[in-house]
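S.K.: Sharing a structure here in structure tokens format.
The values are calculated or read from the model by the stated rules, or taken from the named source; none is laboratory data. Keep in mind that this is a model prediction, so the values were computed, not measured. So basically every Cβ, Gly included, is an ideal-geometry build from the backbone, and we count neighbours across all protein chains shown. SASA here: full protein model, heavy atoms, side chains in, ligands and nucleic acids out. Shrake-Rupley method; radii C 1.70, N 1.55, O 1.52, S 1.80 Å.
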Amino acid sequence: MIRFALTATAVTLIAACASTPPAPTFSQAGMPAAVQVPAGNVVTLESVGVGEITYQCNPNKDIQGQFAWVFVGPDAKLNNRAGKQIGKYYGPPATWEANDGSKLTGVQVAVSPATAGSIPLQLVKANPAIGAGAMSGVTFIQRVATVGGVAPATPCNAAAVGKKEIVKYQADYIFWKAV
């Protein structure tokens, strides 16, 4: 009976290990140098942000009589690679929040162009997290694999001042911790 219990336990442990998701494997290979994470950091979490970015038509503060779409803020779900929601991304200020309640903001370090029609790749230095959980200890966030999200193509002029437009976007958000 004890032998059967040990065998059943071993089978259960093997099955649990087989169903454990693999460790994050995001690579810096091929990433523009400006948005590469400094050595001494490892991936702690990978997510896919799916949502919207709001822009507002405002007068250009530097050129009188000119107008431009200005970034207002994001609103996105953060999903794991299997498509399950693990958090959200919103702002301002830009805030990444895990389902466990831990959250953080950050300071942009660098951007690098993405494909045409997509917001740039980005490297953010994380501020200390609020709350214990998935965001605790995060040092950097990378925004990569961006699709969409650029300012609207609709005219921004004196007649449109104050008008808001929402555009769809998707991006991978890779969270890093110091080793």
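S.K.: Of the residues Val107, Val111, which is touching a Lys or Arg at 6+ places or on another chain (Cβ under 8 Å) and open to solvent by 30 Å² or more (accessible area, probe 1.4 Å)?
M.R.: Val107
S.K.: Please enumerate the residues belonging to the range 121-179 that are under 19 Å from Asn80 (Cβ atoms) and among the polar types (S, T, N, Q).
M.R.: Of everything in the range 121-179, those that are under 19 Å from Asn80 (Cβ atoms) and among the polar types (S, T, N, Q) turn out to be Ser136, Gln142, Thr146, Gln170.
S.K.: Right, here's the next one. Give all pairs with beta carbons closer than 6 Å in which a residue from the range 117-132 that is touching a residue at least 40 places away in the same chain (Cβ under 8 Å) meets a residue that is assigned to a strand (DSSP E or B) and open to solvent by 50 Å² or more (accessible area, probe 1.4 Å); count only pairs at least 6 apart in sequence or on separate chains.
M.R.: Here the result reads Ser118/Val147; Gln122/Val111; Leu123/Val109, each pair linking the range 117-132 to a residue that is assigned to a strand (DSSP E or B) and open to solvent by 50 Å² or more (accessible area, probe 1.4 Å).
S.K.: Modelled with pLDDT of 95 or more, over 16 Å from the mean Cα position of the chain (by Cα) and small (Gly, Ala, Ser): does that describe Gly117?
M.R.: So Gly117 passes the test.
S.K.: Could I ask something else about it? Would you pick out the residues in the range 83-94 that are without any contact (Cβ under 8 Å) to a residue 60 or more places away in the chain, in a strand (DSSP E or B) and closer than 15 Å to Gly149 by Cβ?
M.R.: Passing the criteria: only Tyr90.
S.K.: Now for a different question. Taking Gly131 as the residue in question, decide whether it is farther than 20 Å from Thr54 by Cα and either over 13 Å from the mean Cα position of the chain (by Cα) or open to solvent by 70 Å² or more (accessible area, probe 1.4 Å) (or both). Full working, then the answer.
M.R.: Working: farther than 20 Å from Thr54 by Cα: yes; either over 13 Å from the mean Cα position of the chain (by Cα) or open to solvent by 70 Å² or more (accessible area, probe 1.4 Å) (or both): yes.
In short, yes.
S.K.: In the range 39-63, what residues are assigned to a loop (DSSP other than H, G, I, E, B), within 16 Å of Phe140 (Cβ to Cβ) and either open to solvent by 60 Å² or more (accessible area, probe 1.4 Å) or of a type in the set (Lys, Arg) (or both)? It would help to see each step written out before you state the result.
M.R.: To start, the set of residues in the range 39-63 that are assigned to a loop (DSSP other than H, G, I, E, B) comprises 39-40, 60-63.
Right, trim to within 16 Å of Phe140 (Cβ to Cβ) and you get 39-40.
The one that is assigned to a loop (DSSP other than H, G, I, E, B), within 16 Å of Phe140 (Cβ to Cβ) and either open to solvent by 60 Å² or more (accessible area, probe 1.4 Å) or of a type in the set (Lys, Arg) (or both): Ala39.
S.K.: Identify the single condition in (1) open to solvent by less than 60 Å² (accessible area, probe 1.4 Å); (2) over 14 Å from Trp176 (Cα atoms); (3) touching a Gly at 6+ places or on another chain (Cβ under 9 Å); (4) in contact (Cβ under 8 Å) with a residue 40 or more places away in the chain that Ile141 does not satisfy, given that it satisfies every other one.
M.R.: Checking Ile141 against (1) open to solvent by less than 60 Å² (accessible area, probe 1.4 Å); (2) over 14 Å from Trp176 (Cα atoms); (3) touching a Gly at 6+ places or on another chain (Cβ under 9 Å); (4) in contact (Cβ under 8 Å) with a residue 40 or more places away in the chain, the one that fails is (2).
S.K.: Right, next: Could you grab me the full set of residues in the range 114-128 that are among the hydrophobic types (A, V, I, L, M, F, W, C) and either open to solvent by less than 50 Å² (accessible area, probe 1.4 Å) or not in a loop (DSSP other than H, G, I, E, B) (or both)? Before you say what the answer is, go through the steps one by one.
M.R.: In the first step, residues of the range 114-128 are kept if they are among the hydrophobic types (A, V, I, L, M, F, W, C); the result is 114, 116, 119, 121, 123-124, 126.
Result: Ala114, Ile119, Leu121, Leu123, Val124, Ala126.
S.K.: Sticking with this structure for a sec: Could you list, ordered by first residue, the pairs with Cβ atoms under 6 Å in which the first is in the range 56-82 and free of Cβ contacts under 8 Å to residues at least 60 places away in the same chain and the second is of a type in the set (D, E, K, R) and open to solvent by 90 Å² or more (accessible area, probe 1.4 Å), at least 6 apart or interchain?
M.R.: Pairs found: Lys77/Lys88.
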